[in-house]
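Written out below as structure tokens is the structure these notes cover.
The values are calculated or read from the model by the stated rules, or taken from the named source; none is laboratory data. Just so it is clear, the model here is predicted, and its values are computed rather than measured. Ideal geometry is used to build each Cβ from the backbone, glycine not excepted, and the neighbour counts take in all protein chains shown.
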Amino acid sequence: MNVKDACFTREYGKEIFVLNFNYRSIDEALPLIDECARQVRLREEGSVLTLTIIEQGKFDTALVDKLKGLTKGNAPYVRKAAVVGVTGVFKIVMTAVSIFSRREFKVFDTKEEAIRYLLQE
């Protein structure tokens, strides 16, 4: 796991947690999800801005279940969530995760658009 694929970063003076899905095997995604849960749940409830970037990767039922658990468990801590790179099968996965966790994810075409949304008060 690359540390930069699951970490807080600063954009225009505000912290955003970035989760970058850029992996070749599902086994590479699991530590990213665990690290996201660990870091986000250390923060104050209702304070975290999250940006998920989907570059490449595969999904199976176990990974989708893990994502559902992540989003549901992170829900109290997340103020706003944005997603970039959702196409094809990823749309189906994100829809399922959103419905299960009862969370809304705003989908954007570019990272810049997503960051602008997250920084709006």
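A few remarks follow.
- Qualifying residue in the range 37-59 (condition: in a helix (DSSP H, G or I), within 21 Å of ILE115 (Cβ to Cβ), in contact with a strand residue (DSSP E or B) (Cβ under 8 Å, 6 or more places away or on another chain) and modelled with pLDDT of 80 or more): yes
- If the condition is being surrounded by 19 or more Cβ atoms within 10 Å (Cβ to Cβ) and among the hydrophobic types (A, V, I, L, M, F, W, C), then the range 11-32 contributes ILE16, PHE17, VAL18, LEU19, PHE21, ALA29, LEU32.
- Residue match in the range 63-70 (condition: under 19 Å from ALA114 (Cα atoms), among the aliphatic types (A, V, I, L, M) and either crowded, with 18+ Cβ neighbours inside 10 Å or at pLDDT below 95 (or both)): no
- Condition check for LEU63: closer than 15 Å to PHE105 by Cα, touching a helix residue (DSSP H, G or I) at 6+ places or on another chain (Cβ under 6 Å) and either in a helix (DSSP H, G or I) or of a type in the set (A, V, I, L, M) (or both): no
- Restricting the range 10-27 to residues that are farther than 14 Å from PHE59 by Cβ and in a loop (DSSP other than H, G, I, E, B), the residue that is modelled with the highest pLDDT: GLY13
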